[in-house]
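None of the figures in this text is laboratory data; all of them are computed from the coordinates on show. Not measured: the values here are computed from a predicted model. So basically every Cβ, Gly included, is an ideal-geometry build from the backbone, and we count neighbours across all protein chains shown.
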Amino acid sequence: MRSNLMVVVICCTVAVMAVSGCKKQAGTVENLKAAITGETTASAKYAAYAKKAKEEKFDKIAKLFEAASRAESIHAQKHTAVLLKMGEKMDPITPRFAVKSTRENILDAIKGESYEVSTMYPDFIKKAREEGKDDAAGSFDYAFQVEKVHHGLYQAALAALDKNDFTGLADSYAVCPVCGNTVAGIAPPNCEICGVPGAEFIILK
Ligand SMILES: [Fe+2]
Ligand SMILES: [Fe+2]
């Protein structure tokens, strides 16, 4: 009798999900894996975009792509450390992207950063907080804040390219080893995002 009742309950639940089109929302583990895939791909892609910018003689834009590539790699490492601490593991990733002209590559970078800032990270942070996954929420939040910085830097690079005036762009960048904050020119006394001393920043000249 009890087992018959269980079968009825399970069948009804499945039927309701099928009728309503109910789809299970991804949890923080899935979100960490998606973010690691995204950040690893972005890091490889920006490194390739840097090479292309150098070929096209846009040295300052190449430097920005190099710095952002380093930052995305820091995000991937931090998210991976959180995932492993949760007892999960990451499958190997094969980054997939296309290299086009530097202008198209900047537009692609702006599109990617916009998605992360407007949708991906806000959703991932909200879910992690709901699930009480504080380490994941913190790692997502650092990346979220840095992607906002990248978005602004890429918009400035696009404006410079369109005006053919690169005087406003930096020759070098300082990248925070903890959160990936990407600062044009010299490092600040302390990271404005995570507070780490500027002396620890990675300098890309
Ligand atoms: Fe970024
Ligand atoms: Fe930082």
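Would you mind getting me the FRET efficiency between K57 and M86? Use the beta-carbon distance for r and R0 = 30 Å, nearest 0.05. Computed FRET efficiency for K57 and M86: 0.10. Springs join every pair of Cα atoms under 10 Å in this Gaussian network model of the chain, and among S114, S172, S101 the largest mean-square fluctuation is at S101.
Entry note, the chain: the mean residue ellipticity at 222 nm calculated from DSSP H runs of n ≥ 4, each adding -39500 (n - 2.57), is -21500 deg cm²/dmol after division by the residues and rounding to the nearest 500. Pairs from the table (K100/K127; K85/K126; K60/K148) lying more than 26 angstrom apart at Cα are K100/K127.
The alpha-carbon of K89 sits under 19 angstrom from the alpha-carbons of these lysines, leaving out residues fewer than 8 places away in its chain: K33, K78, K133. Among V183, V99, V146, the residue with the largest mean-square fluctuation in a Gaussian network model of the chain, with springs joining Cα atoms closer than 10 Å, is V99. Computed from the C-beta positions of E30 and V99, the FRET efficiency with R₀ = 35 Å rounds to 0.75.
Could you tell me whether region 105-161 comes out rounded, prolate or oblate from its Cα gyration tensor? Rule is a ≥ b ≥ c as square roots of the eigenvalues, rounded for a/c under 1.5, then prolate if a/b exceeds b/c, otherwise oblate. Prolate is the answer for region 105-161, as a/c is 1.5 or above and a/b outweighs b/c.
Diffusion coefficient of the chain by Stokes-Einstein, Kirkwood radius over Cα pairs, 25 °C, 0.890 mPa s: 132 µm²/s.
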